[in-house]
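What follows draws every value from the coordinates through simple rules; no lab data is involved. This structure is a prediction, so every number in the text was calculated from the model and none was measured. Cβ: placed from backbone, ideal geometry, glycine included. Neighbour counts: every protein chain shown.
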């Protein structure tokens, strides 16, 4: 069996499984509560791995390993940065959000925030929140489609347009069929595939390098290769703080924290916490090791975000490389389905005048998912960018817009309607502005200033309660 045949066969089997999951989940989807939160009956394993996979996906597998290959040892700062975000969400945000969202009956993050303010300001808050979600997720989903498209194109010798359409089409089919259940179960499957990949490929690459001493010597010898981030002085401090700022964006990710709202009970939360943190350690440590090994092995030069595929192609048999590549190609799409659901809920649940109580609401939700997918496909094909840059832009725009107010709401210090509106606008607007006009070490200005400003506004303009 050739490599192309192995990839094609594995993909066919995998995609059939995803569609079957969508069909199964469609039988459990009767209303919007089921479609967007799975009826709040999610167990520990599915919640933990699906939330982790949907927050990581293509960025982790391709970009974290790619940055380690490009930067060298400074990329290790990505490990505490991302792990900090997992700890904040599962230790502090998760328990409070699960309990409070059940009390209010909220099924979206935007709805939960709007429920905390005075009624006369709720509509304005929801309009702004929905606009931010749609804007960011079109970019975010486009990066997932683009990642899948590049991988399909390189592995199956297909055109970019065809590759993007294949990847996007499969995601849209099972997401529209089964909604939250389909996205969560498929994300769990993809998360397990990601974990296996993060164990097998780094071990293969590490063995090819020859051991720790050879790895260290190779990294030292590669000094000056690629883009070297600052590691000393004021610029170095900026790089470290900017990198650690990635973790502070986790509480503001609607497609991640909605898993906490869907958890069945406290016991599921406690077990899920252990699973999610263990998963994060395996994934990020594995991808960083893979990237560092790739830096040593491919001194002749390799496109950073392709180092994972290069290890599989060069160091494994054609069939094994085909199976691993096919599995990774499927795994990198795991974020898009959850984001499509959140984008759909922003229109059918959160916008004032939405049809949440009407019989055709579920159909409208599915139509919204399809329309957002079309926009994301067009963006991926017409305005491509690196996965690393596009994901972090959307990540910090969402994190700065929603994270500060969510933390204060859960701490019992919710801002007023005006404070919430201005906080979201400042966090989002400053992130967009700094992304376009400011270039700082580690993007520290883009990652911290909007977040701090939004928090200060929300804190200063607290509500009566």
Roughly how far apart, in whole Å, are the Cα centres of the stretch 54-123 and the stretch 254-303?
13
Give me the distance in nm between label points sitting 7 Å out from Cα along the Cα-to-Cβ direction at residue 208 and residue 5, one decimal.
2.4
Can you sort 284, 14 by how many other beta carbons sit within 10 Å, fewest first?
14, 284
Ranked 396, 150, criterion: other C-beta atoms within 10 Å, fewest first
150, 396
Neighbouring Cβ atoms within 10 Å as the yardstick, rank 59, 279, 459 fewest first.
459, 279, 59
Applying a 10 Å radius around every beta-carbon, put 72-82, 397-407 in order of their mean neighbour count, most first.
397-407, 72-82
